[in-house]
Protein chains: 2
Amino acid sequence: MAERRFDLKVVPLDIATGRNWIVLVNEADGLHYGIRAGDEISLKWDSHQTEVAVDLTKSFVQEGEIGIFRDILEKYQIKAGEILSLAPAPKPESLAAIGKKLNGGRLSEKEIVSIVKDTINYKLSDLELAYFVASSFPENNFTKEEAYFQTKAFAETGEMFKFGKIVADKHSIGGLPGNKITPIIVSIVASYGIIIPKTSSRAITSEAGTADALSVIAPVSFDREEIENIVKKTNACLIWGGALKIAPADDRFITVLKHLGTEPLSKMVVSIMAKKVAMGVTHLVIDFPMGEGTKIKNKIVAKKTIALFQYIAKKFGIKLRVIIQEAKGPVGRGIGPALGIRDDIAVLNQLSQRPLDLEAKATKLAGVLLELIGYAGKGQGSKLAYKALQNKQALAKFKEIINAQGGTVPDYDEIALAPVAFAYKADHDGEIKQMDNVAIIELARILGAPETLAAGVYLNKSLGDQYKTGETLYTLYTESEVRLEMARDFLANHLLIK
Amino acid sequence: MAERRFDLKVVPLDIATGRNWIVLVNEADGLHYGIRAGDEISLKWDSHQTEVAVDLTKSFVQEGEIGIFRDILEKYQIKAGEILSLAPAPKPESLAAIGKKLNGGRLSEKEIVSIVKDTINYKLSDLELAYFVASSFPENNFTKEEAYFQTKAFAETGEMFKFGKIVADKHSIGGLPGNKITPIIVSIVASYGIIIPKTSSRAITSEAGTADALSVIAPVSFDREEIENIVKKTNACLIWGGALKIAPADDRFITVLKHLGTEPLSKMVVSIMAKKVAMGVTHLVIDFPMGEGTKIKNKIVAKKTIALFQYIAKKFGIKLRVIIQEAKGPVGRGIGPALGIRDDIAVLNQLSQRPLDLEAKATKLAGVLLELIGYAGKGQGSKLAYKALQNKQALAKFKEIINAQGGTVPDYDEIALAPVAFAYKADHDGEIKQMDNVAIIELARILGAPETLAAGVYLNKSLGDQYKTGETLYTLYTESEVRLEMARDFLANHLLIK
């Protein structure tokens, strides 16, 4: 079909929506071109094209003008007076594939590629994408092959890297509060000269993603060239994957999933593996906490998920070890971005207050990775990992990486926490037998984490600890009294510890 | 949890979004209250409460002000200077139930009621609702009991009517172009003194819903009292259900489904039956076209859908007959709101140009309904229905109903069609053996139907007709040359008839 386009002059509008792309058109133009409020339309300029939703107005923009909201302006650096053209957006063809999947069909590689492409070029709206995401529930609705196709499409529609013949990586499946083992593992492994270009995500359902925690002490957003330089210099990096456009479709899936607060496991496997494939990873250890409050509730689900990981890894020639650990409480003491990175610095500096559970877990996984690669003999990895902490070669490597990224590793006490603090004290003697991971994360989020980097919860007492009346059990950090009150309301109805 | 609210003064904004509720807040207030662009927040005033998404600005509204977009202003009649309060909206509890369903769980009546309630009070966003809608794919994912609970919740969360001890109704499942049998059936049945308060929908995927067609000649939006008066006076009505708030949750489901362009059949059954329950219907005939281009592709699907209809009807004590008819081409000649109502007027007036297929189908179904109620003996219904057309008692009843609704029944030629017309002529002799329903609907929509009431396609030749070179096969009606060109582009790539 020939394209019917009409040109409009840009009027920047000082409105941030944080959601789908939106433009504003005069009602007279709407009437003339047959556009109604809420219609999805294709917006084209220079070499760009994206789908937008149209709002209508009588006054904010005049005929012949198009109001562009701040989100698009910033993303594409559009200037006032530029000419953009609009055209009716036909329903994307991939919608038919989404309908097919919802109706129980099997998707071909071609259909999956069309969905992923329409995702990254915004031809599918958030709502349409939600239908696709929903189609991967329940767990057995996606075949292994479909998950493989999606992994491949996710990886190949973004940046692809090749850092070396052996490229190590670790990945933790979320659900555990704290658990900032990544900076420690990367520092240990890289300190032995192994390439480990680690990308991390920001928090989806947790109180702080590793990228959130690292952003407290260093920039984490880099482009392709910068990262290649950082890895060349230090044989590692600790960066936010989102800035890099590796598996870019995944970012939109995450946005859409945020609303739901739960994630299909097959989607999680695809998301993780696509990023590993894009980063050229050859040896991968996956840290797989299982139990109450984690993503994996029981052994049946765990087994199924591991099988999918192994299937996809094999397809791409990746050597994979999955380490399942029964999760009980949080790992480490700090629940929140700044609090989490403080734990890492305590471990790397071997300070007395370092959380030993965090150290034990990090060295165990670093050890497994060293063995998987063949750098350490069987059963020797963990010992080697500990050595790197004790002789501070891991700390030196950590400083090297952070410096290469333009940051500085502060001392433990130099990391600022949010100013409004509240110590929650025991009103009886006791012992901590259980901790509610879900409630701890929820509490940290109410306090402002992860957006407020310095907000969160410090666990003065942890699993197995004895406490006496009047001792502080945990300390809340937040930026405003309102947030603190909300947190205290929450605590009035939820038990963090038992 | 105690509520944290803050009051803001209304500034009306001349922007129509046609989508979710949106308000605009100054960035300084956003920072102060911890609101980010895109956050969902609860908006409260007088006795109202609804969820809104927040956009942020530095300039359009000042601190202490809240910009309200046109959609909310109009719906709630909010005035400049009014004080509204905002509060962080906690995730609605029904989201957990949606997640449970997506993960393959079974929902209790209580959980389904919570979802439906959160739908009508806008606690669930369109995107969140899409997840729930998606969970009723594939077809066997919803149990019959869940569908019953949903039907009940849909009906009971809206207006409920009781027009009499016997209340007749018919319902056509969409998918066929034209097919405006409702005004004819209602006029016939009501002309025998039977109560038949018909509510219709606007087009979802078709070129014109019955409500769209009727709106060409009469108002179709009434409140409860008005409808009760119309039915009292004429023992019937022909109205748009949407204005009435019967099963109001369904409207939001329709909005969300529009994006997808396909509908789970269980959702369709729920939607239909909820409205019948709300209208107090006791005897119901369902017109169920089956075949290419309809919603029901084959007998297996048909059987399953009928079983669900019967299950739910029985639960509510409704006597139900389902009439399955193999669908071939469109029913009638007029594809579009004005063109469709013109067909009805031709049949009711018994004009020579009336489409006989439309007449035959309408009298057949009216006959079944008369028999189901017990007004006509077995096998006598259809004859009685024909009689009402021939002696013009149905026409008189139709005029009575339309007059009671404040409209006038025009003559056939008085119904205006859109000014830009194009006759599509045969370039060879032949016979119409097949018609593509999907392409015909698509064409009518490209021409502007259903929004442009006078737009659409008139089928000068229909299934089985012979044609000669130069004869007009069909005529396009639209409001602008641009639309006509788009339609001609479409025709260059699609065969309507074979």
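Dipole magnitude for segment A:380-443: about 580 debye, using +1 per Lys or Arg Cβ and -1 per Asp or Glu Cβ, origin at the Cα centre.
Between amide H atoms placed 1.01 Å from N, distances below 5 Å from A:VAL322 occur with A:ILE286, all of them 5 or more places distant or on a separate chain. Farthest towards the positive end of the charge dipole of segment A:40-137, among the residues A:GLY67, A:LEU124, A:SER108, is the Cα of A:SER108, using unit charges on the Cβ of Lys, Arg, Asp and Glu. For the cross-link pairs A:LYS299/B:LYS152; B:LYS123/B:LYS162; A:LYS101/B:LYS304; B:LYS303/B:LYS378, the ones whose C-alpha atoms lie over 28 Å apart are A:LYS299/B:LYS152; B:LYS123/B:LYS162. Leaving out same-chain residues fewer than 8 places away, which lysines sit with a Cα under 30 Å from that of A:LYS468? Of all the lysines, those that pass the test against A:LYS468 - Cα under 30 Å, at least 8 places apart if same chain - are A:LYS180, A:LYS328, A:LYS361, A:LYS425, A:LYS433, A:LYS498. Taking amide H as placed 1.01 Å from N in the peptide plane, A:LYS170 has its amide H under 5 Å from the amide H of A:VAL285, each at least 5 places away in sequence or on another chain. The packing ranking of peptides B:425-432, B:258-265, B:355-362, highest mean first, is B:355-362, B:258-265, B:425-432, where packing means the average number of other beta carbon atoms within 10 angstrom of each residue. For B:MET290, the residues whose amide H sits under 5 Å from its own are B:GLN325, B:GLU326, B:ALA327, ignoring neighbours fewer than 5 places away on the same chain, with H placed 1.01 Å from N. Could you work out how far the C-alpha centroid of segment A:418-444 sits from that of segment B:244-285, in angstrom? Cα centres, segment A:418-444 to segment B:244-285: 47 Å.
Working note: Karplus 6.51/-1.76/1.60 with θ = phi - 60° gives segment A:392-397 the couplings 6, 5, 5, 4, 4, 5 Hz, where Gly and Pro are set to x. Distance between the pseudo-spin-label points of B:THR472 and A:LEU495 (7 Å out from Cα toward the beta carbon): 8.0 nm. Annotation: lysines with alpha-carbon distance below 19 angstrom to B:LYS9 (same-chain offsets under eight excluded): B:LYS44, B:LYS58, B:LYS75, B:LYS79. Each Lys and Arg Cβ is given +1 and each Asp and Glu Cβ -1; about its Cα centre, the protein assembly as shown then shows a dipole of about 3880 debye. Here the Karplus relation 6.51 cos²θ - 1.76 cosθ + 1.60, evaluated at θ = phi - 60°, turns the backbone of segment B:416-429 into coupling constants of 6, 10, 5, x, 8, 10, 8, 8, 9, 9, 6, 9, 7, 7 Hz, with x for every Gly and Pro.
So how do A:ARG224, A:ARG342, A:ARG483 line up by other beta-carbon neighbours within 10 Å, fewest first? Display every interim value, and only then the final one.
Values: A:ARG224 13, A:ARG342 30, A:ARG483 21.
Arranged by neighbour count, lowest to highest, A:ARG224, A:ARG342, A:ARG483 become A:ARG224, A:ARG483, A:ARG342.
As a calculated quantity, the FRET efficiency between A:LYS9 and B:GLU63 at R0 = 51 Å, using C-beta atoms, amounts to about 0.95.
Rounded to the nearest 5, what is the percent of antiparallel bridges among the DSSP beta bridges in chain A?
Values: 32 of 61 bridges.
For chain A, the DSSP antiparallel bridge percentage is about 50.
Estimated from helices alone, the mean residue ellipticity of chain A at 222 nm is -12000 deg cm²/dmol (sum of -39500 (n - 2.57) over DSSP H runs with n ≥ 4, per residue). Exposure proxy for A:TRP45, A:TRP240: other Cβ atoms within 10 Å of each Cβ, ordered fewest to most, give A:TRP45, A:TRP240.
Under the shape rule built on the C-alpha gyration tensor, where the axes satisfy a ≥ b ≥ c, the protein assembly as shown is prolate, since a/c reaches at least 1.5 and a/b is greater than b/c. Magnitude of the charge dipole for segment B:6-88, about its Cα centre and with charges confined to Cβ atoms of Lys, Arg (+1) and Asp, Glu (-1), is about 120 debye. With R₀ set to 30 Å, the beta-carbon distance separating B:ASN103 from A:LYS44 gives a calculated FRET efficiency near 0.15.
Taking every residue in A:32-38, how many Cβ atoms of other protein chains lie within 10 Å of its Cβ, on average?
Numbers: counts 2, 3, 10, 0, 3, 8, 8.
Taking all residues of A:32-38 together, the mean is 5.
Each of A:VAL347, A:ASN391, A:ALA404 was placed along the dipole of segment A:337-404 (beta-carbon charges, centred on the mean Cα), and the one lying farthest toward the positive end is A:ASN391. Other residues whose C-beta falls under 13 angstrom from the C-beta of A:ALA190 contribute a net charge of +4, scoring Lys and Arg +1 and Asp and Glu -1.
What's the Cα-based Rg to Rh of chain B, Rh via Kirkwood?
Details: Rg = 24.4 Å, Rh = 24.3 Å.
That ratio equals 1.00.
Compared with the dominant principal axis of the Cα atoms in chain B, helix B:249-258 is inclined by about 80°. Is the shape of segment A:244-320 best called rounded, prolate or oblate, per the rule: a/c under 1.5 gives rounded, else a/b larger than b/c gives prolate, else oblate, with a ≥ b ≥ c the square roots of the Cα gyration tensor eigenvalues? Oblate, since a/c reaches 1.5 and b/c is not below a/b. DSSP finds beta bridges in segment A:14-173, and of those with both partners inside it, around 70 percent are antiparallel. Note on A:ALA87 and B:ASN298: their simple-model spin labels are 3.8 nm apart, each label 7 Å out from Cα toward Cβ.
Calculate the mean, over all residues of peptide A:96-103, of how many other protein chain Cβ atoms lie within 10 angstrom of the residue's Cβ. Let's see the in-between values first.
Values: counts 3, 0, 6, 5, 1, 3, 11, 6.
Taking the mean over all residues of the peptide, I get 4.
Which of rounded, prolate or oblate describes segment B:6-88 when judged by the alpha-carbon gyration tensor and an a/c cut-off of 1.5? Provide the component values of the computation, followed by the final result.
On the way: a/c = 1.33, a/b = 1.27, b/c = 1.05.
Verdict is rounded for segment B:6-88.
For the protein assembly as shown, what is the percent of antiparallel DSSP beta bridges, rounded to the nearest 5? Before the final figure, lay out each step's value.
Working: 66 of 124 bridges.
So the antiparallel bridges amount to about 55 percent of the total.
When B:MET160, A:MET279 are sorted by how many other C-beta atoms sit within 10 angstrom of their C-beta, beginning with the fewest, the order is B:MET160, A:MET279. Whole-Hz Karplus values for segment A:359-364 come out as 4, 5, 5, 5, 5, 4 Hz, taken residue by residue from phi with 6.51 cos²θ - 1.76 cosθ + 1.60 and θ = phi - 60°; glycine and proline positions read x.
The B:ASP413 and B:GLU74 beta-carbon pair, evaluated with R₀ = 45 Å, returns a calculated FRET efficiency of approximately 0.80.
Note the angle between two axes, namely the Cα long axis of helix B:126-135 and the longest principal axis of the Cα atoms of chain B, as a number of degrees from 0 to 90, rounded to the nearest 10. Its long axis makes an angle of about 60 degrees.
Just so you know, all these numbers are worked out from the coordinates, no wet-lab data involved. Because the structure is a prediction, the values reported are computed rather than measured. All Cβ positions, even for glycine, are placed from backbone atoms using ideal geometry, and neighbour counts span all protein chains on display.
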